[in-house]
Amino acid sequence: MKKRTVFFIIYMILLMLPIYWMLNMSLRTNADILGSFSLYPKNITFANYMKIFTDSSWYNGYINSIIYVTLNTMISLVAALPAAYAFSRYNFIGDKHLFFWLLTNRMAPAAVFLLPFFQLYSTFGLIDTHIAVAMAHCLFNVPLAVWILEGFMSAVPREIDETAFIDGYKFPRFFLTIFVPLIRSGIGVTAFFCFMFSWVELLLARTLTTTDAKPIAATMTRTVSATGLDWGLLAAAGILTIVPGALVIWFVRNNLAKGFAMGRV
Amino acid sequence: MAELKFIDVVKRYGKTQVVHGINLDIRDKEFLVLVGPSGCGKSTLLRMVAGLEEISSGTISINDKVVNDIAPKDRGLAMVFQNYALYPHMNVFNNMAFGLTLSKTPKDEIKQRVDEVAVILGLEDFLYRRPHELSGGQRQRVAMGRAMVRKPSIFLFDEPLSNLDAKLRIQMRAEIKMLHQRVNSTIIYVTHDQVEAMTLADRIVVLRDGYIEQVGTPMELFSTPANTFVAGFIGTPPMNLVECRVQKNGDAMYTQFESGLKIPVPDKEGTTLENDQEVVLGLRAEEITPVDSGASLPEEWVFSGKVLVAEPLGNETHLHMDVMGVNLLSKSEEKRIFNPNENLKLGMNLNELHLFDAKTMKVVY
């Protein structure tokens, strides 16, 4: 066997092991998990999954997360598309500094913004709404989206724009019918990154919500109680949080590869 | 029907001025080529005509109408770019038809026009392919077709052949010339390749550093260059340009080189050369040819020289010659092998001699 294949197999094992172990735990009862060591579930039970799918406080966590994540991805893209176009096509005073400043937002830890956000959203009565979380995540996702999209847009030759203007396109029509399709893969990649960040972010999502918009990550912390940790349930919830991300990756996998090839990701 | 007029056209980027007051008239149906080395402002000039660059000062008019503030689409022109700028997500048909759908041309007319152009350009079999499935030459044809279906009164070409390989370039060059004969539009064509300029143009504008060096037909530029730049730029191989001094000896006039070589200057009316004036002598390689002893040229026009390097091209041979200490390029159409260090007799056709002032570089003879 070639060296490369060996390394690849070792890498895949290390990568998949925790996920397999979570799957393993999610199919067992707590007593079984704590009682014996087993490489595979001997008495398979779906009780943990049934609880999540039947208890509204559990499945609402997923619904809430999906709602604000989708909202956030859409807002980020709508805001970042024109911004990235401006950065890639026009020179204006301080454009490079502005571009870098946007990125520094992405570098700041979320905790820094926690208190101001909480106060701000309380004042506007937005606490415990999906839009509050979606907008808070924009602080991180819009700069990221601008950064990625700018790279894709700069790869489109300027002459495309110029030909279109000589042909008589109005800007909005050009942008939607010619330009956006050209950077399709870029938009796919951007959406993926926005989705992933927003999906796994816990701190802001948890602070800005109480019940109505509570995300799944916050719900999962409920498994810790005075009687100990509900291992099986936590593992089942964990497996289910992987599913949406895996689905998104499946849909954008070709674009993602193209995006990585083009750099900037 | 389109005539263009440039009056004192200036382009500045911030404080740097790149085009300095261009004045130029372009006639209806003319094939005008803007040629010059990179950075000479030729593309900028073209983009100002298209409306893609603002005109800093001066005016450009199309048919006596100043177009400075008119949107690109209302100027009645079409542009072909070096990198084709095809829409990669649309097939050839849609690429060509898209400009027309905007002007709300009826569907069957669009189809008819696209088919017509596709036949002219030999693209009938490729109409439903995507640009990435085409070769470079085919893509360039699609780009031209996209311009043609709009039936513009002015075509603008921005180095359209630079991305093609040499063989294809020659073929496309002929096609562009045929296109001009067929469409009867005014064409402004930008290139840095003087061969393209010579073969295509009705008139050539030679630009350098944002100034016009000379305007004229290809033959005018070739036989009467206005300065050393045009002399060296137009024609392959480039004209021999050597510094020397004018010497007058009674009625006879000749140029004296530092190495001692003297080349006679035939009498010509209206020349005002001074004794000891520093000049640059210009003589094309084809006017310097190896001759047999019984040549038809006057005896003082024949010099002896030594071959330094011979470059056979098949139909002709370029000879780098040492003529009494002066390096000159000569051309022979004799089909034989020339050896280095071979001594030859060179006949110079001094009726085609050019002299340029050494300071102003402008033609003085």
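The values are calculated or read from the model by the stated rules, or taken from the named source; none is laboratory data. Since we're looking at a predicted model, the values are computed, not measured. Neighbour counts run over all protein chains shown; Cβ positions are idealised from the backbone, glycine included.
Does A:Thr70 qualify as being under 30 Å from A:Leu27 (Cβ atoms) and surrounded by fewer than 19 Cβ atoms within 10 Å (Cβ to Cβ)?
Details: under 30 Å from A:Leu27 (Cβ atoms): yes; surrounded by fewer than 19 Cβ atoms within 10 Å (Cβ to Cβ): yes.
For A:Thr70, the condition - under 30 Å from A:Leu27 (Cβ atoms) and surrounded by fewer than 19 Cβ atoms within 10 Å (Cβ to Cβ) - is met.
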> Which residues, counting only those in the range B:99-120, are touching an Asp or Glu at 6+ places or on another chain (Cβ under 8 Å) and either within 16 Å of B:Arg47 (Cβ to Cβ) or surrounded by fewer than 21 Cβ atoms within 10 Å (Cβ to Cβ) (or both)?
Replying inline: B:Leu102, B:Asp115
> When you look at B:Leu297, is it surrounded by fewer than 19 Cβ atoms within 10 Å (Cβ to Cβ), among the aliphatic types (A, V, I, L, M) and farther than 24 Å from B:Cys244 by Cα, yes or no?
Replying inline: no
>> Going by what's in this entry, would B:Glu274 be described as among the acidic types (Asp, Glu), in contact (Cβ under 8 Å) with a residue 24 or more places away in the chain and either outside the structural domain of B:Phe229 (by TED's automatic domain parsing) or part of a strand (DSSP E or B) (or both)?
In response: yes
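Yes/no per residue for (1) under 23 Å from B:Leu221 (Cβ atoms); (2) at pLDDT 95 or above; (3) part of a loop (DSSP other than H, G, I, E, B):
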{"site": "B:Val279", "(1), (2), (3)": "yes, no, no"}
{"site": "B:Ser293", "(1), (2), (3)": "no, no, yes"}
{"site": "B:Ser296", "(1), (2), (3)": "no, no, yes"}
{"site": "B:Ser304", "(1), (2), (3)": "no, no, no"}
{"site": "B:Gly314", "(1), (2), (3)": "no, no, yes"}
>> I'm trying to understand the selection: among the residues of the range B:3-27, which are of a type in the set (Gly, Ala, Ser) and exposed (fewer than 15 other Cβ atoms within 10 Å of the Cβ)?
In response: B:Gly14
>> Among the residues of the range B:346-356, are any aromatic (Phe, Trp, Tyr) and either surrounded by fewer than 18 Cβ atoms within 10 Å (Cβ to Cβ) or more than 15 Å from B:Val230 (Cα to Cα) (or both)?
In response: no
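Any residue at all in the range B:83-96 that is touching a strand residue (DSSP E or B) at 6+ places or on another chain (Cβ under 8 Å) and surrounded by fewer than 17 Cβ atoms within 10 Å (Cβ to Cβ)?
So the first thing to find is which residues in the range B:83-96 are touching a strand residue (DSSP E or B) at 6+ places or on another chain (Cβ under 8 Å), and the list is none.
No, the range B:83-96 contains no residue that is touching a strand residue (DSSP E or B) at 6+ places or on another chain (Cβ under 8 Å) and surrounded by fewer than 17 Cβ atoms within 10 Å (Cβ to Cβ).
So if I check each of A:Ile216, A:Ile166, A:Ile239, A:Ile187, which one is in contact with a strand residue (DSSP E or B) (Cβ under 7 Å, 6 or more places away or on another chain) and crowded, with 17+ Cβ neighbours inside 10 Å? Break it down stepwise before answering.
Working: A:Ile216 fails: in contact with a strand residue (DSSP E or B) (Cβ under 7 Å, 6 or more places away or on another chain); A:Ile239 fails: in contact with a strand residue (DSSP E or B) (Cβ under 7 Å, 6 or more places away or on another chain); A:Ile187 fails: in contact with a strand residue (DSSP E or B) (Cβ under 7 Å, 6 or more places away or on another chain).
Result: A:Ile166 is the single residue among A:Ile216, A:Ile166, A:Ile239, A:Ile187 that is in contact with a strand residue (DSSP E or B) (Cβ under 7 Å, 6 or more places away or on another chain) and crowded, with 17+ Cβ neighbours inside 10 Å.
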> Taking the stated definitions as given, is A:Ala110 among the hydrophobic types (A, V, I, L, M, F, W, C), modelled with pLDDT under 90 and touching a Leu at 6+ places or on another chain (Cβ under 8 Å)?
Replying inline: yes
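Residues are listed down the side, and each one gets a yes or a no for (1) touching a Leu at 6+ places or on another chain (Cβ under 6 Å); (2) of a type in the set (Asp, Glu); (3) under 21 Å from A:Ile131 (Cα atoms); (4) modelled with pLDDT under 95:
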{"residue": "A:Asn60", "(1), (2), (3), (4)": "no, no, yes, yes"}
{"residue": "A:Ser65", "(1), (2), (3), (4)": "no, no, yes, yes"}
{"residue": "A:Ile75", "(1), (2), (3), (4)": "no, no, yes, no"}
{"residue": "A:Ile93", "(1), (2), (3), (4)": "no, no, no, yes"}
{"residue": "A:Lys96", "(1), (2), (3), (4)": "no, no, no, yes"}
{"residue": "A:Phe99", "(1), (2), (3), (4)": "no, no, no, yes"}
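Would you mind finding the one in B:Glu287, B:Glu269 that is closer than 24 Å to B:Asn341 by Cα and modelled with pLDDT under 95?
Values: B:Glu269 fails: closer than 24 Å to B:Asn341 by Cα.
Sole residue among the options that is closer than 24 Å to B:Asn341 by Cα and modelled with pLDDT under 95: B:Glu287.
So that you can scan it fast, the table gives a plain yes or no per residue for (1) within 26 Å of B:Lys73 (Cβ to Cβ); (2) of a type in the set (S, T, N, Q):
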residue: B:Ala147; (1), (2): yes, no
residue: B:Phe155; (1), (2): yes, no
residue: B:Asp158; (1), (2): yes, no
residue: B:Leu164; (1), (2): no, no
residue: B:Gln181; (1), (2): no, yes
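If you take the residues in the range B:277-294 that are exposed (fewer than 13 other Cβ atoms within 10 Å of the Cβ) and not small (Gly, Ala, Ser), which one is farthest from B:Val364 (Cα to Cα)?
Within the range B:277-294, the subset exposed (fewer than 13 other Cβ atoms within 10 Å of the Cβ) is B:278, B:292-294.
Among the residues that remain, those that are also not small (Gly, Ala, Ser) are: B:278, B:292.
On the way: B:Glu278: 11, B:Asp292: 32 Å.
Only one residue tops the list, namely B:Asp292.
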>> Looking for something of a type in the set (Val, Ile, Thr), in contact (Cβ under 8 Å) with a residue 12 or more places away in the chain, more than 22 Å from A:Lys51 (Cα to Cα) and crowded, with 19+ Cβ neighbours inside 10 Å - is there at least one such residue anywhere in the range A:243-264?
In response: yes
> What number of residues in the range A:1-53 are of a type in the set (Ser, Thr, Tyr) and either in contact with a Phe, Trp or Tyr (Cβ under 6 Å, 6 or more places away or on another chain) or closer than 24 Å to A:Thr221 by Cα (or both)?
Replying inline: 5
